[in-house]
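Worksheet: the structure to be examined is printed underneath.
Derivation of every value follows stated rules applied to the coordinates shown; laboratory data play no part. Keep in mind that this is a model prediction, so the values were computed, not measured. Cβ coordinates were reconstructed from backbone atoms using ideal geometry, including for glycine residues, and neighbour counts include every protein chain displayed.
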Amino acid sequence: MSDTPKSHGRLSISASLQPRDLMGETPRLKGAWTARVITLFPETFPGVLDASLTGKALQQGLWALETIDLRPFGIGKHKNVDDTPSGGGAGMVLRPDVMAKALDQAAIGTKGKSWPVIYLSPRGTPFTQAKAKAWSEADGITMICGRFEGVDERVLEEYAIEEVSLGDFVLTGGEIAAQALIDATVRLIPRVLGNQASTEDESFQHGLLEHPQYTKPSQWRDRDTPEVLLSGHHGNIAKWQRQMAERLTKERRPDLWRAYCELHDRDPDEDQEL
Ligand code: SAH
């Protein structure tokens, strides 16, 4: 605890969930941003979130992760969580009554707080950097990881759950998507990423993809680092980086480029300066 700066606030352990649901005994800062994840596979967490910056911040209590195992809420001796789809068809569907019990547990202590409840789903709105920013400003988030054919529609309606997608493809379960979305969100929480300025300058932050990056050696296999980057002229460097960001965005993401031009009153078909 001695390496946690005092200015971050008081450390405490949340008592809101059953001990089996807490991710270890990591101390957390009071009011730390918290991700609650409803999953049939709690052992897959924290997974990749335990590495590098997100992992360090998790250990320091700058954010918290709580998994809620869906299985114990299952029905009967076998703790069944799913059943066959109404109307027939392949696969199984997660039952609304079972999911509701997990959602009620996830809701403990969130009343009056800013706390989105999300179902990870290929049918959802595509996740964006803007959404990550908005979530990072909330008190926390609850995520449902689906499995099989997904979740009964009625529980999504009843709890006014927002569906969010990682992209236009189908995963086996929501766990990888949850980790991706939590990663993108957590790194925007002030103090989590060491160098806050680096998030201000990234892809999507200004509606553009990021310019190419170079490092040492300045010459490698007959390839030179662009001269301007070695010039030390900050004005020219910034101008070059913006031009490259615009060019890349125009070439690779015409959708982003059109939106950017509209916002900045620019002609999307204008010739690039470079
Ligand atoms: N039958 C569903 C797919 C179910 S895939 C359909 O066609 O829409 C099983 C689970 O994996 C889903 O419930 C969801 O939680 C997760 N999942 C799959 N693809 C995803 C994606 N692109 N984004 C987020 N979650 C996804």
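Please name whichever of V81, S203, G232 sits farthest to the positive end of the charge dipole of the chain, dipole taken about the Cα centre and charges placed at Cβ: Lys and Arg +1, Asp and Glu -1.
After comparing all options, I get V81.
Can you list the lysines whose alpha carbon sits under 23 Å from that of K79, skipping same-chain ones fewer than 8 residues off?
Within the straight-line cut-off, K79 pairs with K101.
How would the range 188-274 be classified by its alpha-carbon gyration tensor: rounded, prolate or oblate, with rounded meaning a/c under 1.5 and the a/b versus b/c comparison settling the rest? Please list the in-between numbers first.
Values: a/c = 2.02, a/b = 1.16, b/c = 1.74.
Because a/c hits 1.5 or more and a/b fails to exceed b/c, the range 188-274 counts as oblate.
Can you tell me what share of the DSSP beta bridges in the chain is antiparallel? A percent to the nearest 5 is fine. Mind showing how you got there, number by number?
Details: 8 of 30 bridges.
Expressed as a percentage, antiparallel bridges in the chain total about 25.
Given a Förster distance of 41 angstrom, what is the FRET efficiency for T172 paired with A259, based on the Cβ-Cβ distance and rounded to 0.05?
Working: r = 33 Å, r/R0 = 0.80.
Calculated value: 0.80.
Could you pull out the trypsin sites (Lys or Arg not before Pro) across the range 53-82 that fall in loop regions by DSSP (anything but H, G, I, E, B) with no more than 11 other Cβ atoms inside 10 Å? Working shown, then result.
Details: sites: K56, K77, K79; in loops: K77, K79.
Those that pass, being in a loop and sparsely packed, are K77.
Rounded to the nearest 20 Debye, what is the dipole magnitude of the range 6-186 about its Cα centre when Lys and Arg each give +1 and Asp and Glu each give -1 at the C-beta? Don't skip to the end; give the middle numbers.
On the way: 19 positive and 22 negative charges, 149 e Å.
In debye, rounded to 20, the range 6-186 gives about 720.
Sequence neighbours fewer than 8 away in the same chain don't count; with that in mind, list the aspartates and glutamates whose C-alpha is under 17 Å from K56.
Straight-line reach from K56, under 17 Å: D3, E25, E66, D183.
Would you please give the FRET efficiency between I108 and E210, computed as 1/(1 + (r/R0)^6) with r the Cβ-Cβ distance and R0 = 35 Å, to the nearest 0.05?
So, using R0 = 35 Å, E works out to roughly 0.30.
If you wrap a convex hull around the C-alpha atoms of the chain and split its volume per residue, what is the figure in Å³?
Numbers: hull volume 55.4 nm³, N = 274.
Taking the convex hull of the Cα positions in the chain, it is 202 Å³ per residue.
State the Kirkwood hydrodynamic radius of the range 78-186 in Å, one decimal place, computed from all pairs of distinct Cα atoms.
Values: mean 1/r = 0.0685 Å⁻¹.
Mean inverse Cα-Cα distance, inverted, gives 14.6 Å.
Please compute the contact order of the chain in relative form: average sequence separation of alpha-carbon pairs under 8 Å and at least six residues apart, divided by the residue count, as a percent. Mind showing how you got there, number by number?
Values: 395 pairs, mean separation 43.7, N = 274.
Normalised by residue count, the contact order of the chain is 16 percent.
So which trypsin sites (Lys or Arg not before Pro) in the range 85-139 pass both tests, a DSSP loop state and at most 10 other Cβ atoms within 10 Å of the Cβ? Mind dumping the intermediate values first?
Working: sites: K101, K111, K113, R123, K131, K133; in loops: K111, K113.
Here the trypsin sites (Lys or Arg not before Pro) that fit, given the DSSP loop and packing criteria, are K111.
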